[in-house]
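Notes to accompany the following structure.
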Amino acid sequence: TGLDLIVSFGGDGTVLAALSLFPECPVLAVNFGNVGFLTAGDREDLTDMLQSVLDGNYIISERSVLECLHSLGTDYAVNEIVVRGATRLIAVELSINGKHIRRVRGDGVIVGTATGSTAYLLAAGSPIVIPELRCMIIAGLNEYDFRSRHLVVTGESKIRLVISEQTHEKEIYLSADGNEKVPLKIGDEILIQESARQAKLVFMEKNYFFHNLSSRLSWFHSGEK
């Protein structure tokens with residue numbers, strides 16, 4: 001791109017948009033939104049953050065990006081790929097590295113990154129994962145099976161989802177990082193793997209992740225108020 005740094009002003013949605021528009025370019029995110037978990041600081045910190053960047057006092061966190069191939073093209077996601085129906089249960093066949101694992105019956109399926117573990121996956125009950133860890137998290141959405149558990153696989157894994165013929169929902173779609181819905185139909189195949197591209201976020205300190213867990217998500221140590 002010829003750019004050294006992108007500065008985004010907004011919430012996490014703005015950060016994801018910047019990472020999508022300028023792949024491989026480091027993004028310094030300033031929180032002007034609500035949660036801002038992916039941001040390095042708030043608006044009142046802007047001057048100090050820019051000075052730290054000019055002085056070389058910063059780190060770059062490199063994050064995995066998902067590549068998703070489907071019938072209408074290719075999408076990329078920093079957080080997650082979601083396949084779901086509008087109002088009824090859907091059935092999705094899940095295969096990993098060429099091996100059929102099981103059929104997921106529920107509202108849908110999320111395949112996310114470690115970065116995404118503090119986004120939609122967190123609300124779905126997945127574990128919090130250190131964002132630089134190369135892995136993928138597979139979670140059924142409101143599965144009709146009390147035995148179901150979320151699955152963490154290596155970043156090298158190849159994931160295949162197929163909309164099963166046992167699906168009666170007519171309105172099925174795919175979404176990457178909450179962007180425009182891609183319509184799907186019964187029999188459609190979705191292939192998900194780690195992309196060669198990376199997302200790069202700029203932070204001011206090494207322990208930014210745990211700081212943001214506390215300050216952005218109100219995640220405290222046991223007994224702390």
* Structure fact -> Among residues of the stretch 114-160 being without any contact (Cβ under 8 Å) to a residue 24 or more places away in the chain and among the β-branched types (V, I, T), the residue surrounded by the fewest Cβ atoms within 10 Å (Cβ to Cβ) is T154
* Looking only at the stretch 198-218, count how many residues are loosely packed, with under 15 Cβ neighbours inside 10 Å and either touching a residue at least 12 places away in the same chain (Cβ under 8 Å) or in contact with a Cys (Cβ under 8 Å, 6 or more places away or on another chain) (or both). => 3
* Residues being part of a strand (DSSP E or B), of a type outside the set (A, V, I, L, M, F, W, C) and buried (at least 20 other Cβ atoms within 10 Å of the Cβ) - total across the stretch 1-40 -> 2
* To do: Taking the residues in the stretch 61-110 that are of a type in the set (D, E) and farther than 16 Å from A176 by Cα as candidates, determine which candidate is farthest from the chain's Cα centre (by Cα).
  => E93
* To do: Inspect all residues belonging to the stretch 180-190 and state whether any of them is among the acidic types (D, E), more than 26 Å from N34 (Cβ to Cβ) and either without any contact (Cβ under 8 Å) to a residue 24 or more places away in the chain or not in a loop (DSSP other than H, G, I, E, B) (or both).
  => yes
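Restricting attention to the stretch 16-38, which residues are within 20 Å of the chain's Cα centre (by Cα) and without any contact (Cβ under 8 Å) to a residue 60 or more places away in the chain?
Quick first cut of the stretch 16-38, residues within 20 Å of the chain's Cα centre (by Cα) only: 16-31, 33-38.
Once the filter is applied, which keeps residues that are within 20 Å of the chain's Cα centre (by Cα) and without any contact (Cβ under 8 Å) to a residue 60 or more places away in the chain, the stretch 16-38 yields A17, A18, L21, F22, V30, N31, G33, N34.
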* Structure fact -> Of the residues in the stretch 1-13, those that are modelled with pLDDT under 95 and polar (S, T, N, Q) come to T1
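The values are calculated or read from the model by the stated rules, or taken from the named source; none is laboratory data. Note that the coordinates shown come from a computational prediction; the quantities given were computed from them, not determined experimentally. Cβ atoms come from the backbone with ideal geometry, glycine included; neighbour counts cover every protein chain shown.
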